[in-house]
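The values are calculated or read from the model by the stated rules, or taken from the named source; none is laboratory data. Predicted model only: the values in this text are computed from it and were never measured. Every residue, glycine as well, gets a Cβ built from its backbone with ideal geometry; the counts of neighbours run over all protein chains shown.
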Amino acid sequence: MPLPTLSLDPAVELPLYRQLGDALAGAIADGVLDEGERLPSERDLAVSLGVSRTTVVTAYRELESRGLVRGHVGRGTFVCAADEPTDAPFAWRGRVALSAQRGVDPVLRGVLRAAAGPGTISFGPGTPAPELFPVDLFRRITDEVLRRNASAAFGIGPTEGQPGLRRAVAARLGSRPEQVLVVAGAQQGLDLIARCLLDPGDTVLMDRPGYLGAIQTFRSAGANVVGWDVERADPDELEDLILRYRPKLFYLTPTFQNPTGRTLSLEVRHELLRVAARYRLPIVEDDPYGQLWFDRPPPPSLISLDERGLVIYLGTASKTLGAGLRLGWLVAPPAIVEQLTLVKARGDLFTNGLTQLVLAEVLAGRAYDTHLESLRAEHAVRHTALIAALRRCLPAGSIGWRPVDGGLYIWCRLRGGTDAVGLLQQAQAAGVTFVPGEPFYGDGLGRHELRLCFSAATPASIDEGARRLATAFAVSQNGLAAGHHALV
């Protein structure tokens, strides 16, 4: 975007550097200069305005002190934020590192805020049916843990995790306790993998569209993210991408994938492992939904099929019990677990002890399997309810989707030119929310796609949410039609 017209007047009392700074600050506040935009070099701007380089340097420093721009040696000066409130004691926003600015997509932040709003029906964040959380079981086991071992619950614990939880996870996955690292949710596991294995400039292959949290984590580590088409799930394409980009690792969710709900066949899983072994490519298998099938179990996990020690496995209690537990696990060969533990210890010496001890008891008992059976049955009911509500409430041919065999999500494609972000704005006004498709791509695609989580709302709420979505769709379509007529 070109700079706005800048006019400096030496005859006025205000110093030239202040005139220049105020003009640039106004352009930033008005949106003429966007966040992330590079300003002209000090020398070039000085020449174009006919002022000394010192004038421009001083103006840029003033803007940086206000948190509006940030200079980077060898790269230039960039717009970094809107203006601070006039009563802000210090311009912290201008001090934020570039890696931290590559954070959560602003559209997603809006979805998360809207999902918590009173009266909003959320098809957004993926959570299991909250009504089925085993409150009585957790209360009873918590009392037992506190009675037996309060010192372990509230004391300093091992960075790798409580031994009992490591044993319980290992028993369920058919691995050894020394292969298990307990993490504060699978997202922390992803962050540890990125910090341990990736250098800036490395390439990561991942399923596309794919989990937006993984896209953000890898990019924050300075990696280049290259997509492998999960719809085609072609091992030959994977091999071509490996030869072309020489990636550092391959990340995917092979079972009830986020966002599409796809599950890779056993044949494809074997082929992916063969390709990865041929090129010595580590695989990160994210498996938050593998226990959430409807009618029959999915194919075995990649880690259970792996004979070369290539797979790092991520699991979590967030999708089978509750997101608020913030407990997950990473399973890998002991050598890499040791390295990941060292990385974890830099910022998280040990994970919540009480919750770990309680979860260890839950996973080791039959009650957890009973809970999973109830959860699968209820999620299947809600999946059916959402599909029926979409068919009933939305105009025929306006939206397409594919039923899934498990997990938490339905992936939808809008037809007729409807933009998902524009639809989201109308939907939030109508009291319903979802996640638009663009953040799952990270490269500008997905404008006409969206993800609906069916597990967190009751069938009655799903029906009402679909009606609100239909209202939003009608408003959005009317806007499209009005725009078309204006063009004609």
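For the subset of the range 315-354 comprising residues that are of a type in the set (A, V, I, L, M, F, W, C) and part of a strand (DSSP E or B), which member is nearest to T370 (Cα to Cα)? Filtering the range 315-354 for residues that are of a type in the set (A, V, I, L, M, F, W, C) and part of a strand (DSSP E or B), the one nearest to T370 (Cα to Cα) comes out as W329. With respect to being out of contact with any helix residue (DSSP H, G or I) (no Cβ under 7 Å at 6 or more places or on another chain) and of a type outside the set (G, A, S), F250 falls outside the description. Could you list, in sequence order, the residues of the range 151-170 that are polar (S, T, N, Q) and part of a helix (DSSP H, G or I)? Across the range 151-170, the qualifying residue is only S151.
With (1) under 17 Å from the mean Cα position of the chain (by Cα); (2) under 24 Å from E307 (Cβ atoms); (3) in a strand (DSSP E or B) as the list, and G227 as the residue in question, which single condition is left unmet? If we test G227 against (1) under 17 Å from the mean Cα position of the chain (by Cα); (2) under 24 Å from E307 (Cβ atoms); (3) in a strand (DSSP E or B), just (2) comes out false. Considering the range 263-314, the residues that are assigned to a loop (DSSP other than H, G, I, E, B) and charged (D, E, K, R) include one that is farthest from L372 (Cα to Cα), namely R280. Suppose the filter is acidic (D, E), out of contact with any strand residue (DSSP E or B) (no Cβ under 8 Å at 6 or more places or on another chain) and at pLDDT 70 or above; does E62 pass it? The answer is yes for E62. Checked against (1) touching a Gly at 6+ places or on another chain (Cβ under 9 Å); (2) of a type in the set (S, T, Y); (3) surrounded by fewer than 18 Cβ atoms within 10 Å (Cβ to Cβ), S455 passes all but condition (3).
Pairs are defined by a Cβ separation below 9 Å, a sequence spacing of at least 6 or placement on different chains, a first member in the range 383-405 that is under 29 Å from G290 (Cβ atoms) and crowded, with 19+ Cβ neighbours inside 10 Å, and a second member that is at pLDDT 95 or above and polar (S, T, N, Q); the pairs so defined are H383/S455; A385/T458; V404/T260; V404/T263. For the range 423-447, a residue qualifies if it is buried (at least 21 other Cβ atoms within 10 Å of the Cβ) and not in a helix (DSSP H, G or I), and the qualifying residues are V432, T433, F434, V435, P436, G437, G442, G446.
The residue that is surrounded by the most Cβ atoms within 10 Å (Cβ to Cβ), among those in the range 17-54 that are touching a residue at least 40 places away in the same chain (Cβ under 8 Å) and more than 20 Å from C80 (Cα to Cα), is V51. All of R148, R140 fail the test of being of a type in the set (K, R), modelled with pLDDT of 95 or more and part of a helix (DSSP H, G or I), apart from R140.
The residues listed here are A429, A367; of these, the one that is at pLDDT below 95 and closer than 20 Å to E464 by Cβ is A429. Filtering the range 122-137 to residues that are surrounded by 14 or more Cβ atoms within 10 Å (Cβ to Cβ) and not in a loop (DSSP other than H, G, I, E, B) leaves S122, L132, L137.
Can you find a residue that is more than 20 Å from P254 (Cα to Cα), in contact with a Gly (Cβ under 7 Å, 6 or more places away or on another chain) and not hydrophobic (A, V, I, L, M, F, W, C) anywhere in the range 427-434? Yes, there is a match, as at least one residue in the range 427-434 is more than 20 Å from P254 (Cα to Cα), in contact with a Gly (Cβ under 7 Å, 6 or more places away or on another chain) and not hydrophobic (A, V, I, L, M, F, W, C). Please enumerate the residues belonging to the range 176-215 that are more than 30 Å from L450 (Cβ to Cβ) and either among the hydroxyl-bearing types (S, T, Y) or assigned to a strand (DSSP E or B) (or both). The answer is V180, L181, V182.
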